[in-house]
1. What lysines sit close enough to K50 to cross-link, taking a C-alpha to C-alpha distance under 19 Å and skipping anything fewer than 8 places away on the same chain?
2. Using only helices, what value at 222 nm comes out for the chain when you add -39,500 (n - 2.57) per DSSP H run of length 4 or more and divide by the total residues, to the nearest 500 deg cm²/dmol?
3. Taking region 271-344 on its own, what percent of its Cα-Cα pair distances exceed 16 Å?
4. Need the full-extension length gain, T293 to A338, defined as separation in residues times 0.36 nm minus the C-alpha distance. One decimal, nm.
5. Of the listed peptides 126-133, 81-88, what is their order by residue-averaged count of other C-beta atoms within 10 Å, with the highest listed first?
6. Take R326 and H210, extend 7 Å from each Cα along the Cα→Cβ direction, and tell me the distance between the two endpoints in nm.
7. May I ask you to derive the FRET efficiency for H93 and A202 from their Cβ-Cβ distance with R0 = 51 Å, giving the value to the nearest 0.05?
8. Please find, in a Gaussian network model of the chain (springs between Cα atoms separated by less than 10 Å), the residue of S154, S251, S296 whose mean-square fluctuation is greatest.
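The numbers here are math on the coordinates, done by the rules we state, and not lab data. Computed from a prediction, not measured in an experiment: that's the story for all the values here. Cβ placement follows ideal geometry from the backbone for every residue including glycine, while neighbour counts extend to all protein chains displayed.
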Amino acid sequence: MRAAIFHEPGKIVVADVPVPRIEPDEILVRVRAASICGTDLRIAKHGHFKLPSGQTRVLGHEVAGEIVEVGPRVVGYRAGDRVSVTPNVGCGHCRHCREGLNNMCPDYEAFGITIDGGFEEYLRVPGFALQRGNVFRLPESVSYAEAALTEPFSCCYRGQRALGVGFEDVVVIIGAGPIGAFHVMLARLAGARKIIVSDHSASRLDIAGHLGADVLVDASRQDLVATVLAETRGRGADVVITAASSPQVQSGAVDLLATHGRVNFFAGLGQGGAVPIDTNKLHYKGLVLTGTTGSSNADYARALELVGQQRVRLGELVSATFPIDRIDEAFEHSASGAGMKAMVVFDDSEEVAP
């Protein structure tokens, strides 16, 4: 089979490798779609602390496909099942895992980091991932591409749950990339009164408008604070979501908030992420600061229901598809910001949306 193998930062090689052999408690999935995430781009460029020097790995954690082999000890799955796989597999016994927060487990395993991921024709799913609830059957209405995109969508779903977005809220989303677009979809579903999106890319802002954003702010020539105040008659926003990895965006987010406003620092900053925040504003305006990372399996299940009910159409965010042998081009497309989501597909007949 063909697989894209990470060797070291800056080096991913597509090669022929043996199809994985599964153990009695494992399944083998024929990958149909695997989308590229910002995490994949960072690992490809900088590596990962869970990937020691000299360790090779198949990246890709937004993945869906069809079960082609089932170990004799596996219960509840069979060959032919259409499935997706959530990336973070908790240890199963820590406090966070007991509370259903596998995304917060300090001793996690992860597809595309500690376990080979989706940028290969066949994916081996270990028994512990099955046992801990990381494999989901797909509704018939959900394509493989949409199922792969449900993983980042579920992370945004978790962020908006933390904010409690409602029908009276003015929501500001800073960043109109794929994550910002998912947040637009969710804020629209929640019935937000007004959605304001800011970005430097006119093409991405156009997509945000198509998805339901009410006000589009070109950050290269418009002042976001002034726009928000004008759109809210000087009150400020009820909700701000930072969907761009920028210290300036994070430190300025509280300046956009109304009294009792809420912010979600969705995009991380990596190393050196400390930013100044005016805590007087937090104190006197009663602001609420939240941060979320990843999603739990429960979040993914709820997000997949939304996709299955066709209340959102994630396939609209697939801007380009690539075969595995052109994965370098797929990474370049994803990193360029020219489109939205780049998708690696393993079947020419795969449709982006059903």
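1. Result set, ordered by chain and number: K11.
2. Values: 11 runs with 104 residues, N = 354.
Here the helix-only value at 222 nm equals -8500 deg cm²/dmol.
3. Counting pairs separated by more than 16 Å, the tail of P(r) holds 72 percent.
4. Details: separation 45, 0.36 × 45 = 16.20 nm, distance 2.52 nm.
Stretched fully, the T293-A338 segment lengthens by 13.7 nm.
5. Values: 126-133: 18.1, 81-88: 24.0.
Going from most to least packed, we get 81-88, 126-133.
6. 2.0 nm
7. Working: r = 50 Å, r/R0 = 0.97.
For R0 = 51 Å, the calculated efficiency reads 0.55.
8. Between S154, S251, S296, it is S251 that shows the largest mean-square fluctuation.
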